[in-house]
1. Collect the residues in region A:32-47 that are away from chain B (no Cβ under 14 Å), near DNA strand C (Cβ under 10 Å from one of its atoms), assigned to a helix (DSSP H, G or I) and surrounded by 12 or more Cβ atoms within 10 Å (Cβ to Cβ), keeping them in residue-number order.
2. Just name the residue that is farthest from the other protein chains (Cβ to nearest Cβ) out of those in region B:1-31 that are more than 9 Å from DNA strand C (Cβ to nearest atom), at pLDDT 95 or above and farther than 19 Å from B:Thr94 by Cα.
3. Consider region A:114-130. How many of its residues are surrounded by fewer than 18 Cβ atoms within 10 Å (Cβ to Cβ) and either at the interface with chain B (Cβ under 7 Å from one of its Cβ atoms) or of a type in the set (Gly, Ala, Ser) (or both)?
4. Output the number of residues of region A:84-113 satisfying the condition of being within 19 Å of B:Lys57 (Cβ to Cβ) and either at the interface with chain B (Cβ under 7 Å from one of its Cβ atoms) or not in a loop (DSSP other than H, G, I, E, B) (or both).
5. Just the residues that are surrounded by 15 or more Cβ atoms within 10 Å (Cβ to Cβ) and away from DNA strand D (no atom under 12 Å from the Cβ), please, taken from region A:7-26.
6. Would you be able to tell me the number of residues in region B:48-72 that are within 30 Å of A:Ile50 (Cα to Cα) and either of a type in the set (Phe, Trp, Tyr) or not in a loop (DSSP other than H, G, I, E, B) (or both)?
7. Can we say B:Thr3 is part of a loop (DSSP other than H, G, I, E, B) and near DNA strand D (Cβ under 9 Å from one of its atoms)?
8. Test B:Ile29 against the stated conditions and say whether it is part of a helix (DSSP H, G or I), closer than 25 Å to B:Cys122 by Cβ and more than 9 Å from DNA strand D (Cβ to nearest atom).
Number of protein chains: 2
Amino acid sequence: MKTTRNTTAKTAVLEIFEKSTTALSHTEIYKELHDVCDRVTIYRILDRLINDDIVHKISNLDGTVKYAKCNHSHQKVHIHNHAHFSCENCNEITCLENVKPSYIMPHNYKVNEINFTLSGICPKCLNSNI
Amino acid sequence: MKTTRNTTAKTAVLEIFEKSTTALSHTEIYKELHDVCDRVTIYRILDRLINDDIVHKISNLDGTVKYAKCNHSHQKVHIHNHAHFSCENCNEITCLENVKPSYIMPHNYKVNEINFTLSGICPKCLNSNI
DNA sequence: ATATATTTGCAACAATATTGCATTAATAAA
DNA sequence: TTTATTAATGCAATATTGTTGCAAATATAT
């Protein structure tokens, strides 16, 4: 198995995820790191982090792609089966760790992963709009 | 209210949706219509169809965007709150009209729309892989 | 048949993502 | 600590996806 190295850029990306309470787009990450590394490097770091199961990818209703750090406490196996909320006002995406949809599937489908994204207005915007 | 016209290109797009059992990307639609109309026209037709509530937009786990015809039988109001299935093998997206997730949201969120996409292996691929 | 407002094509542009390749740097081994 | 190995990076080029402005074409109402 190939090892994945701890580089300056990778550490910087992880720090940004640590600080952030919302999911981040490639562009948002690059804005903070434009003097640390190249645009392309960030794409490659994100790919690696996804592969290593440290970060997961979220695609918004409008087609924009964001990334968030997984916080699988200490489970061996984990599935990103929690929901995401996408605010139509501030465009922030937050993980709703505790929202887990229940559903009944037709037979003959093998489900590996689910993506449950809700959109609307987040509490922050709901309050400030009064 | 502005009227939306029935043009050759729009009719052609609708025919493609009619024929297809899966959701289609802009690229897939354009492949069939490259001698009927321009790339841009298809984007604009899709925009109109979404506005007219004839087509809905689905964004896949990998960030790709697809479109599918709504089959809201005869309801006055309808919400696209059904699930979609994205096959990891053939990459087709199908609407699971009858799969409707139930979930409990934290307070203070105003939910306007939901997107529930499951990925894995579809029945067709499951059978052919035996 | 004519008026008018929508739709289209084209060209240009913007944003996002990918690839090849030489160089740099992190890690393992000596 | 030094050296060897291979992952990671930077840069340039390219691909893909989506958007905009404007003149010309076309669908619809009158």
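1. Here is the first cut: in region A:32-47, the ones away from chain B (no Cβ under 14 Å) are A:32-42, A:44-45.
With near DNA strand C (Cβ under 10 Å from one of its atoms) added as a condition, the list becomes A:38-42, A:44.
From what's left, assigned to a helix (DSSP H, G or I): A:39-42, A:44.
The answer is A:Arg39, A:Thr41, A:Ile42, A:Arg44.
2. B:Lys31
3. Here is the first cut: in region A:114-130, the ones surrounded by fewer than 18 Cβ atoms within 10 Å (Cβ to Cβ) are A:123-130.
Next, from what is left, pick out any that are either at the interface with chain B (Cβ under 7 Å from one of its Cβ atoms) or of a type in the set (Gly, Ala, Ser) (or both): A:123, A:126, A:128.
Selection size over region A:114-130: 3.
4. Going through region A:84-113, the residues within 19 Å of B:Lys57 (Cβ to Cβ) turn out to be A:84-88, A:91, A:93.
Filter once more, keeping what is either at the interface with chain B (Cβ under 7 Å from one of its Cβ atoms) or not in a loop (DSSP other than H, G, I, E, B) (or both): A:84-88, A:93.
Selection size over region A:84-113: 6.
5. So the first thing to find is which residues in region A:7-26 are surrounded by 15 or more Cβ atoms within 10 Å (Cβ to Cβ), and the list is A:9-10, A:12-14, A:16-17, A:20, A:22-26.
Listed by number, the residues that qualify are A:Ile16, A:Phe17, A:Ser20, A:Thr22, A:Ala23, A:Leu24, A:Ser25, A:His26.
6. First, the residues of region B:48-72 that are within 30 Å of A:Ile50 (Cα to Cα): B:56-68.
Adding the requirement that they be either of a type in the set (Phe, Trp, Tyr) or not in a loop (DSSP other than H, G, I, E, B) (or both) leaves B:56-59, B:65-68.
Total meeting the criteria: 8.
7. Taking the combined requirement at face value, the residue satisfies it.
8. On the way: part of a helix (DSSP H, G or I): yes; closer than 25 Å to B:Cys122 by Cβ: yes; more than 9 Å from DNA strand D (Cβ to nearest atom): yes.
Judged against the criteria, B:Ile29 is a match.
The values are calculated or read from the model by the stated rules, or taken from the named source; none is laboratory data. A quick note: this is a predicted structure, and the numbers were derived from the prediction, not measured. Cβ coordinates were reconstructed from backbone atoms using ideal geometry, including for glycine residues, and neighbour counts include every protein chain displayed. Calculation scope for accessible area: heavy atoms of the full protein, side chains included, ligands and nucleic acids excluded. Shrake-Rupley method; radii C 1.70, N 1.55, O 1.52, S 1.80 Å.
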